[in-house]
Structure formats: structure tokens, C-alpha cells
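The values are calculated or read from the model by the stated rules, or taken from the named source; none is laboratory data. These numbers were taken from a predicted model, which means no experiment stands behind them. For neighbour counting, all protein chains shown are included, and Cβ atoms are generated from backbone atoms with ideal geometry for every residue, glycine included. Heavy atoms of the whole protein, side chains included, go into the accessibility calculation; ligands, DNA and RNA do not. Shrake-Rupley method; radii C 1.70, N 1.55, O 1.52, S 1.80 Å.
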Amino acid sequence: MSMLPPGSRLPALVQSVHAGRDPLGSVHGLRRAYGPIFTRRLITEPPQVVVGDLEAARQVFADPHGATLVGCPRRRLFEPMVGEHSLFTMDGPEWQRHHRMLAPALRGRSIDGWRDTIAEIADREIAGWPVGRPFPVHAAMRRIALEVILRLVWGSRPTGHHDRPAGRHDRLRALAPRLLERVPLAALVMPPPVRDRLLTATGFIRMRRELDTLLYAEIRDRRADPGPGTGDVLSMLLTADGQALSDREVRDEMVTLLQAGHETTAVGLAWAFERLLRTPRAWDRLRDDPSDEVFLQAVARETVRVRPVALTGARRVVAPMEIQGYDVPAGWSVLPMIRLIHQDPAVFEDPAAFRPERFLGEEAGAAMRAWLPFGHGARYCIGARLAMLTMRTVISRVAATTDLAAPDPRPERPRLRQVTVSPASGTTAVACPRRRVSAPG
Ligand code: HEM
């Protein structure tokens, strides 16, 4: 006999109101009421199975029997921005072809040399911080993360560098963040005809067209004359052997990497400082030795463990699947809830505590197995190495150069904004230059 997981019997409309009012709290409430695997019904979505159990989540992410699609449930939210030829929105052989082309450009060996550029970007940003007056660290991290993607993924140069033709890069750099800010999330959940009218009315379509014109011109010029190359992802894609991507496919992947990599990394960094400034033991240790790579790595890992940036990685079930004795019918969605797993006391001891040491020494193996901030399996985040490198480098530069304090010692509340969970007050902090400045590590 087929058996669904337990779940609320309230009508979908009531469940949707609860989820809308308190998206994070309602998930924790359902977990307490029904256990780690439960159903949820929302009016705008197919029925859902929410998975807050580690082994079950690993099974869903790994999908050994190919029972789910990943690109398909993302399409509604992301296609207007990233298009249909994106790692984000594709499944099957086309996804595989793109993955084979893109993954090598973001692997450890390709990006290790990027550290100096990231440190330089961080130093320039830090130098502009106000002294002795509260400012939002999240916004500062957004500028850094954007610059990292523009320089190292798109290969765009700031003003003053060789630019062909003059001004194109400046316009790309100005447009990219404005377009990201314009994505009207409320419009994306509407039926396509309504959605498209709203996207036009908000100016999104016009701006996207403008950005695309610039990007296509850049792609064409770089194909014709690759120039010296800066080791950026776009250059690597355009010079890669094998099944080359079309201009349209390259455009979609460039916008994908911008959208997927910019705000996520910024939120990860915002949380790192939000937590560090409230955990003097860890912050002092970093400031004593800002180039301790092992501890920096543990801090970055613990940040996205205790405050995961992404809530979930939704799957659409296409063939009935079994999850720990429960049957999930085709047509349903399955949501491995990263947040629930990272806060499960059966998985992480004292899960609410910010304790980077859990990623050092003997505990580290078990902690890493349960560490799912970037997902798991074939659809594991392709930018995870870059995100971690950026976090380590920026944390190191701030610790080395700046005295930073949180004016309010109370923790900032997590708030779901679009698809990321960020600090509700933007990580408010006060900065002063450090008296003894360490050299870049
Ligand atoms: C702290 C920062 C980041 C976090 C927490 C994060 C998290 C995630 C998660 C949870 C997924 C979905 C996994 C799934 O559904 O199975 C994902 C996918 C993805 N991420 Fe990231 N990410 C981050 C940074 C980046 C960066 C820097 C880039 C690129 C420059 C990037 C590019 C992507 C892409 C293209 C995918 C789709 C992969 C696929 O479906 O094949 N991410 N990320």
C-alpha cells in the first residue's frame, strides 16, 4: 500500500498563508509537528515532500535512479533571466554537455590563481568604508562579489584597462547589477502571459535586451580575437575544444554564473561577519593570524553550515520514488531542506553554535558528510570552489586590515529574500583601520 509522509491537513490556501507570512518559521514548525519528512501543499506549487533528514536528503540529491528533474522546477523562476540554455534550467544530455564545458573552468586548478585579484578587489572596497559610523556589510560584500564575477568569470576590465570598443565594459558593469535588482520575483510566480506583461511593464525586458546586445558583441569580438586572455571563464569557454557552445548558449551561461554566483557569495560573506563579530573567540583567532588558511576554511564552512544561504534545491519527481519507506508520486516536488539538516542536533552537536572547530580535527569527516550548503551529487554547485575561495580571501583581508564591531550584539534574524536567506539588517557594523596591518596572505 502506498504511503505518503505525514503532513498538515489544512487546505492549501491556509498552508500558503502560513508559508507566506513566515517562510522559515513555518518550515521549522512543520518539522516539529510531523518529523523530518513531511508533506506540504501550497496553491502556487505542485504538492511537496519536504526532506529534513540527512540520509534522505543525500538520496534525493544523488538521485541514483534518475527519478527527478532539477532544471524543470527552476525554469519558472529563472528562465526570464538566464534563458533556456543554462545549467540552471536544463536537464539530461544538454545539461551534461554544458556541464562538461563549464566545470573545468571553475575547478580548483583553474581558479587557484585568482586569489590575488580577489584580495585586490577586497582591499579596494575596504579602503572606501566609512570610519566609526555604522554601515551595511552585506551591500559592501555585494559589490565585491559582483566585481569577482565580472572580472574573473566575464573577463571584464574596469575603466582604465584596455577596453574595446571604449565604454562597452563600463556599460556591462553598470547594467548587470541593475538587471539583477530588477528581477520582479512576484511576477515570476504568475502564469506566463501575466508574467511576461509584468516583466515588460517593469522595464526588465528592455534592460535585458540592452545587456544581451552588449554581451553578444563582446562574445563575437572575443571569438574573432581572443586577445591575451585573463584566465577568465568566458575566455576559457570560447577557446575550449570539443563541442563548442553557440553565442546564445554562452550568453545564457554567463548570465547564469552572474545570477547564481553574485548574491549567494555576498550573503555567505554577510553571514560570516555577522557571526564572527558575535563570536569573539573565532574573530580574535583570525585577527591573530589572518593568513591561517586552515582556520579560514573552517570559518567559511561553518558560516554556510550554521546560516545556509540557499534554503533548498527543489526536485520534480518524474517516476514514483521511495524515500525511507514513504512513496512520492510522479508530479510532486521534493525539497531537501538544507537548513533543517544543518540544524538537526542528531547530525551536528549543538547545531545553533558557531563553532568553526567542528571542521577541524577528528570531527571534520562526519561534519563534511552532513555539510550540504552547495547540494550534493551531479547537480552540486559548480561555483562552490570559487565561493569558498572568495569567502576565505575576503575574510582574511578584512581581518588583516580592519577593526570591525557590531553596534548591536543581538544576532541578526535570518530573512528569506528571493531565493537566499540573508541577515535581516544587512550585517550592520562599524569599521576602523587596524593599527598593525598584516601583509596580504
Ligand atoms: C556561498 C555561495 C553559494 C552557495 C551557497 C551556492 C549554493 C548552490 C546550491 C544549493 C545549488 C543547487 C544545488 C541543487 O539544486 O542540487 C547551486 C547550484 C548552482 N550554483 Fe551555486 N552557490 C554559491 C555560489 C555560486 C557561484 C560563485 C557560482 C558561479 C560563479 C554558482 C553557480 C551555480 C550554478 C551554475 C548552479 C547550477 C548547477 C546545476 O544545476 O548543474 N554558485 N548553488
Hey, quick one: spin label on Asp289, modelled 7 Å out along Cα-Cβ, who in the stretch 347-362 has an amide N within reach, i.e. under 17 Å?
356-362
Per-residue ellipticity at 222 nm attributable to helices in the chain (runs of n ≥ 4 DSSP H, -39500 (n - 2.57) apiece, nearest 500 deg cm²/dmol) works out to -15500 deg cm²/dmol
Give the distance, in whole Å, between the Cα centre of the stretch 54-79 and the Cα centre of the stretch 178-251.
25
Dipole of the chain, positive direction: furthest Cα of Gly227, Phe295, Val430, with charges on the beta-carbon:
Val430
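Is the shape of the stretch 326-382 best called rounded, prolate or oblate, per the rule: a/c under 1.5 gives rounded, else a/b larger than b/c gives prolate, else oblate, with a ≥ b ≥ c the square roots of the Cα gyration tensor eigenvalues? Intermediate results must be reported in sequence, preceding the final value.
On the way: a/c = 2.76, a/b = 1.84, b/c = 1.50.
Cα axes put the stretch 326-382 in the prolate bin.
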Can you give the Kirkwood hydrodynamic radius for the stretch 162-298, in Å, rounded to one decimal and based on Cα pairs?
18.3
Within the stretch 5-83, trypsin sites (Lys or Arg not before Pro) in DSSP loop having at most 14 other beta-carbon neighbours inside 10 Å:
Arg9
At each listed q (0.09, 0.12 Å⁻¹), what is the log10 of I(q)/I(0) that the Debye formula gives for the stretch 269-423 modelled as equal alpha-carbon point scatterers?
-0.33, -0.57
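Placing +1 at every Lys and Arg Cβ and -1 at every Asp and Glu Cβ, with all other atoms neutral, what dipole size does the stretch 294-441 have around its Cα centre, in debye to the nearest 20? Don't skip to the end; give the middle numbers.
Values: 20 positive and 12 negative charges, 140 e Å.
For this selection, approximately 680 debye.
Just to confirm, what accessible area per residue do you get for the chain at 1.4 Å probe, in whole Å²? If you can, show how the numbers build up before the last one.
Numbers: 19490 Å² over 441 residues.
Heavy-atom accessible area per residue stands at 44 Å².
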Residues Val318 and Met190, FRET efficiency given R0 of 25 Å [Cβ-Cβ distance, rounded to 0.05]
0.55
What is the extension gain from Asp170 to Leu198, computed as 0.36 nm multiplied by their sequence separation minus the C-alpha to C-alpha distance, in nm to one decimal?
7.3 nm
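First measure r as the distance between the Cβ atoms of Ala353 and Arg178, then evaluate 1/(1 + (r/R0)^6) with R0 = 51 Å and state the FRET efficiency to the nearest 0.05.
Values: r = 39 Å, r/R0 = 0.77.
Using R0 = 51 Å, I get an efficiency of 0.85.
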Relative contact order [Cα under 8 Å, 6+ residues apart], the chain, whole percent:
24
At 7 Å along the Cα-to-beta-carbon direction for both Ser2 and Cys72, put a label point, then send me their distance in nm to one decimal.
1.5
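How large is the dipole of the chain about the Cα centre if only Lys and Arg carry +1 and Asp and Glu carry -1, each at its Cβ, rounded to the nearest 20 debye?
Values: 62 positive and 49 negative charges, 207 e Å.
Its charge dipole is roughly 1000 debye.
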In whole Å, what is the distance between the alpha-carbon centres of the stretch 1-39 and the stretch 333-391?
24
Label-point separation, Ala139 to Asp344 (7 Å along Cα→Cβ), nm:
4.0
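Past the 21 angstrom mark, what percentage of all C-alpha to C-alpha distances in the stretch 360-441 do you count? Walk me through the numbers before you get to the answer.
Working: 1830 of 3321 pairs.
Pairs farther apart than 21 Å: 55 percent.
Kindly give the semi-axes, whole Å and largest first, of the ellipsoid equivalent to the stretch 124-217, taking each as the square root of 5 times a Cα gyration tensor eigenvalue. Kindly include the intermediate steps, with their values, before the conclusion.
Working: eigenvalues 161, 92, 18 Å².
Here the semi-axes work out to 28, 21, 9 Å.
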Quick shape summary for the stretch 283-328, equivalent ellipsoid via Cα gyration tensor, semi-axes whole Å in descending order, reads 40, 10, 9
I need two numbers for the chain: Rg to one decimal and Dmax as a whole number, Cα atoms only, in Å.
22.0, 70
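What is the calculated FRET efficiency for Arg220 to Ala33, with r their C-beta to C-beta distance and R₀ = 41 Å, to the nearest 0.05? Please list the in-between numbers first.
Working: r = 56 Å, r/R0 = 1.38.
The formula returns an efficiency of 0.15 here.
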May I ask you to give the percent of accessible area on the chain that is carbon plus sulfur, with a probe radius of 1.4 Å?
55
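What GluC sites (Glu not before Pro) in the stretch 336-378 are in a loop by DSSP, with at most 14 other Cβ atoms within 10 Å of the Cβ? Show your work: numbers first, answer last.
Working: sites: Glu349, Glu357, Glu362, Glu363; in loops: Glu349.
Filter output for the stretch 336-378: Glu349.
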Listed highest first by mean packing, meaning other Cβ atoms within 10 Å per residue, what order do 231-237, 368-374, 151-157 come in?
151-157, 231-237, 368-374
